[in-house]
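What follows is a single structure, written as structure tokens, with notes after it.
What follows draws every value from the coordinates through simple rules; no lab data is involved. Model, not experiment: these values are computed from the prediction. Neighbour counts run over all protein chains shown; Cβ positions are idealised from the backbone, glycine included.
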Amino acid sequence: MKKYTNQGSKDTRSGFGAGLTELGKTNPNVVALCADLTGSLKMGDFKKNNPDRFFQVGIAEANMMGIAAGLTIGGKIPFTGTFANFSTGRVYDQIRQSIAYSGKNVKICASHAGLTLGEDGATHQILEDIGLMKMLPGMTVINPCDYNQTKAATMAIADYDGPVYLRFGRPKVANFTPEDQTFEIGKALMLQEGTDVTIVATGHLVWKALEAAEILAEKGIQAEVINIHTIKPLDGNAILKSVAKTGCVVSAEEHQMYGGLGESISGLLAQNDPHPQEFVAVNDSFGESGTPDQLMEKYGLSTANIITAAQKAISRK
């Protein structure tokens, strides 16, 4: 199986911007809306190249969701852009009533998610957004792991008919997936095969899971690493097949323990084939100001935390 290497650090929000720029060239129905954060969302190139298809709505996120829903009626494919906190928590009513309830073809694109937003602090570091969005009937939830995958995901969701929540971040992180990848919604990616423990990770934690697997291998533990970029619909078959082989699982995510990927996996196992599970996630806490690395360490989202969780899961078999 291919060994993944860091091709250089890039921010995933720039992957979104690059994907949107490509869509501007290839899909005339794609339109973009932004709530006064064009630079932060890397939407500037799309705006420059397609000024008639870019709408700056200002700091009026609820209005942005309503406009986006309306644009779909005319056959447009709207991509909304703002911080994850403002893309979900601030506008949940509008998303539920105007987009999800009627299955509108809106792509809700959310940057600066999780603790890695860093110094902006707890008010902006939403850690509940995956749970909020996955509970909405018909909502697809995607959380890519690096620049290349975010770019591919951005382009792929334009071809998908239905509401999508696309989550990405601000910091530069390892860029390790193929540049020419095909992004398949709802399809887990096996990154490394193993027999002792399954590590299922999403977003920024995928690279950390690979780092953890390398260190575990030095300890004689063979970890299987799965990249879950689509949290809903969840690729349950891939997870069940892996856990049936390894006998235990670790879920790793930059999100609250409650309502996230780990909880989806727990439900899957409970209904099909229960096995020990350990969680690497934020444990019922708000964040705080700090550098991304400091916060990931303090709140238990480090490579070392994944290693400890894997060892504990194995001990419970």
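Results, tabulated for the structure shown:
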read-out	value
Pairwise centroid distance, computed over Cα atoms, of segment 4-33 with segment 81-104, Å	21 Å
Shape call, segment 189-311: gyration tensor on alpha carbons, a/c limit 1.5	oblate
Environment charge at Gly138 (Cβ cut-off 12 Å; Lys +1, Arg +1, Asp -1, Glu -1)	+3
Cβ-based net charge around Gly290, under 12 Å, with every Lys or Arg adding one and every Asp or Glu removing one	-4
Paramagnetic label zone (point 7 Å from Cα along Cα-to-C-beta, Asp159; backbone N under 19 Å) in segment 176-193	178-189
Net dipole in debye of the chain [+1 Lys, Arg Cβ; -1 Asp, Glu Cβ; about Cα centre; nearest 20]	500 debye
Per-pair calculated FRET efficiency, R0 = 30 Å: Ala244 and Lys298 via Cβ, rounded to 0.05	0.30
For Thr38, net neighbour charge (Lys/Arg +1, Asp/Glu -1) across residues whose Cβ lies under 12 Å away	+2
Additional length obtainable on full extension of the chain from Ser40 to Thr195, 0.36 nm per residue less Cα span	51.6 nm
Cα long-axis angle, helix 303-315 against the chain (0 to 90 degrees, to the nearest 10)	50 degrees
Order by protection proxy (mean Cβ within 10 Å, highest first), peptides 252-262, 121-131, 290-300	252-262, 121-131, 290-300
Residue-span extension gain [Asn6 to Ser289] - 0.36 nm each, minus C-alpha spacing	99.1 nm
In nm, spacing of pseudo-spin labels at Asn63 and Asp120 (7 Å Cα→C-beta vector)	2.1 nm
Antiparallel %, DSSP beta bridges [both residues in the chain], to 5	20 percent
Helix 236-246 vs. the chain, principal-axis angle (Cα, 0 to 90°, nearest 10)	20 degrees
Rounded if a/c under 1.5, otherwise prolate or oblate - segment 39-139, Cα gyration tensor axes	oblate
Between helix 205-218 and the chain: long-axis angle, C-alpha atoms, 0 to 90°, nearest 10	20 degrees
